[in-house]
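> First the structure, which I've put down as structure tokens, then a few questions once you've had a look.
The values are calculated or read from the model by the stated rules, or taken from the named source; none is laboratory data. Predicted model, so just to flag it, every value in this text is computed and none were measured. Note: ideal-geometry Cβ built from the backbone for every residue, glycine included; neighbour counts use all protein chains shown.
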Amino acid sequence: MLEQILWTATVTPFTADGSAVDYPSLENCLRRQEQSGNGIVLMGSTGEGLSFTDKERRAVLEFACGLNLKTQLVVGVSSHNYYAALEWLDFCKDLPLDGYLLTTPIYTKPGVMGQTRWYEAMLNKAAHPAILYNIPGRAAVRLHPETVRNLRGHERFQAIKDSSGVVDSIVEYKTVAPEIAVYCGDDYMMSATAAEGSCGLISVIANPWPEATRRYVKHCLKGGKIPSRIWWHACKAMFTASNPIPVKALMKDMGIITNDTVRLPLSMEDLPSRQPLLDYCERIVNWEAACEL
């Protein structure tokens, strides 16, 4: 069972030239989430999963599994190649994972039945529970509510991550499949989606702020309002360039990772300024300290 209220879509740190994974920094990232009690999503879009070679992807997953983390671990399945996705699921089946994040196939823009048959094949192959990922900004098509209705009885289909940027999707998914958990996938939307039935957050901002973000999620799930909209502004600052450019910049400045390298076609040169990230980091730290008083 996937039981977390907060999952962190972790970054993948690279060496300075981007040619290899920085494993000491990666372990530091994963241990920080473990210590905060957050679930981990590995090699999703925040983890630049599509930029890996197959050899790298396997090595990163085996490394993470070898850490024996005392928290739940989910791995991304983001290929739009049907046979490559099935091969990846086959490789994962004997590893100590807790689940998969199955991304809506990108670029091809499948309709309801194309999505349904794709996900049926993935779910039938899956050895662990699955979260279906609605991310129309990257996939160019949404996870259709009709697809969710078609799949709702599958034993491996346990949750949805919704990164649509609107609450309408959560309402629609909960209408057609009320027993399926829906996670907010946009950090700044957590408060709004909690009011419509989201069960938690799959987060980017928890990378630098794992404990503070956990408090933020709990606060939202209880119906609390965030003073001065600090979290809304902090989340917006974290997306002033394509994810994960800003979050990696901040994590390097905080000393969490050694390099802020991203792989092409992403470039750190597209980040307008690091200063807003640092300013809101200070405000989040002060908010967290006030919560502890």
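> Please enumerate the residues belonging to the range 83-111 that are touching a Phe, Trp or Tyr at 6+ places or on another chain (Cβ under 9 Å) and assigned to a loop (DSSP other than H, G, I, E, B).
THR104, PRO105, PRO110
> Would the range 72-80 turn up any residue that is farther than 21 Å from GLN4 by Cβ, over 19 Å from the mean Cα position of the chain (by Cα) and surrounded by fewer than 17 Cβ atoms within 10 Å (Cβ to Cβ)?
Within the range 72-80 (the criterion being farther than 21 Å from GLN4 by Cβ, over 19 Å from the mean Cα position of the chain (by Cα) and surrounded by fewer than 17 Cβ atoms within 10 Å (Cβ to Cβ)), the answer is no, since none of the residues qualifies.
> When the residues of the range 203-254 are narrowed to those that are of a type in the set (Gly, Ala, Ser) and at positive phi, which ends up modelled with the highest pLDDT? Break it down into steps so the answer makes sense when it comes.
Step one: filter the range 203-254 for residues of a type in the set (Gly, Ala, Ser), giving 203, 206, 212, 223-224, 228, 234, 237, 241-242, 249.
Of the ones still in play, those that are also at positive phi are 223, 228.
Working: GLY223: 84, SER228: 56.
Taking the candidates together, the pick is GLY223.
> Then there's this: Checking the conditions here, which among SER51, SER45 is crowded, with 17+ Cβ neighbours inside 10 Å, more than 22 Å from ALA159 (Cα to Cα) and at pLDDT below 95?
Details: SER45 fails: more than 22 Å from ALA159 (Cα to Cα).
Going through SER51, SER45 in turn, the sole match is SER51.
> What helices (runs of 4 or more DSSP H) completely inside the range 117-202 contain at least 2 residues that are of a type in the set (Gly, Ala, Ser)?
136-139, 190-194
> Starting from the range 237-254, take each residue that is over 11 Å from LEU278 (Cβ atoms) and list its partners that are of a type in the set (Gly, Ala, Ser) and in a loop (DSSP other than H, G, I, E, B), counting only C-beta distances under 7 angstrom and pairs at least six apart or across chains.
ASN243/SER45
> So, one more: I'd like to know if the range 267-274 contains one or more residues that are in contact with a strand residue (DSSP E or B) (Cβ under 8 Å, 6 or more places away or on another chain), within 27 Å of ALA16 (Cα to Cα) and not small (Gly, Ala, Ser).
We begin by selecting, within the range 267-274, every residue in contact with a strand residue (DSSP E or B) (Cβ under 8 Å, 6 or more places away or on another chain); these are none.
No, the range 267-274 has no match at all.
> How many residues are buried (at least 22 other Cβ atoms within 10 Å of the Cβ) and part of a loop (DSSP other than H, G, I, E, B) when one looks only at the range 5-20? Write out each step before concluding.
Going through the range 5-20, the residues buried (at least 22 other Cβ atoms within 10 Å of the Cβ) turn out to be 6-14.
Subset that is part of a loop (DSSP other than H, G, I, E, B): 10-13.
Result for the range 5-20: 4.
> Considering every residue within the range 21-37, establish whether at least one is modelled with pLDDT of 95 or more, outside any loop (DSSP other than H, G, I, E, B) and of a type in the set (Phe, Trp, Tyr). Break it down stepwise before answering.
First, the residues of the range 21-37 that are modelled with pLDDT of 95 or more: 21-37.
With the extra rule that they be outside any loop (DSSP other than H, G, I, E, B), the set shrinks to 21, 23-36.
Restricting the remaining residues to those that are of a type in the set (Phe, Trp, Tyr) gives 23.
Yes - at least one qualifying residue is present in the range 21-37.
> Of all residues in the range 81-109, which are under 18 Å from GLY39 (Cα atoms), crowded, with 23+ Cβ neighbours inside 10 Å and in contact with a helix residue (DSSP H, G or I) (Cβ under 6 Å, 6 or more places away or on another chain)?
The answer is LEU102, and nothing else.
> Are any residues in the range 255-282 small (Gly, Ala, Ser) and at pLDDT 95 or above, and if so, which ones?
Our first condition is that a residue be small (Gly, Ala, Ser); within the range 255-282, this holds for 255, 267, 273.
Within the range 255-282, GLY255, SER267 meet the criteria.
> Between residues in the range 23-46 that are under 14 Å from MET251 (Cα atoms) and residues that are of a type in the set (Ser, Thr, Tyr) and crowded, with 18+ Cβ neighbours inside 10 Å, which pairs lie under 6 Å by C-beta distance while being six or more apart or on different chains?
Qualifying pairs under 6 Å: CYS29/THR10; GLN33/THR8.
> Now a separate question. Specify the residue that is nearest to the chain's Cα centre (by Cα); the eligible residues are those in the range 203-232 that are closer than 19 Å to LEU101 by Cα and either aromatic (Phe, Trp, Tyr) or assigned to a loop (DSSP other than H, G, I, E, B) (or both).
Step by step, filter the range 203-232, then rank; the result is VAL204.
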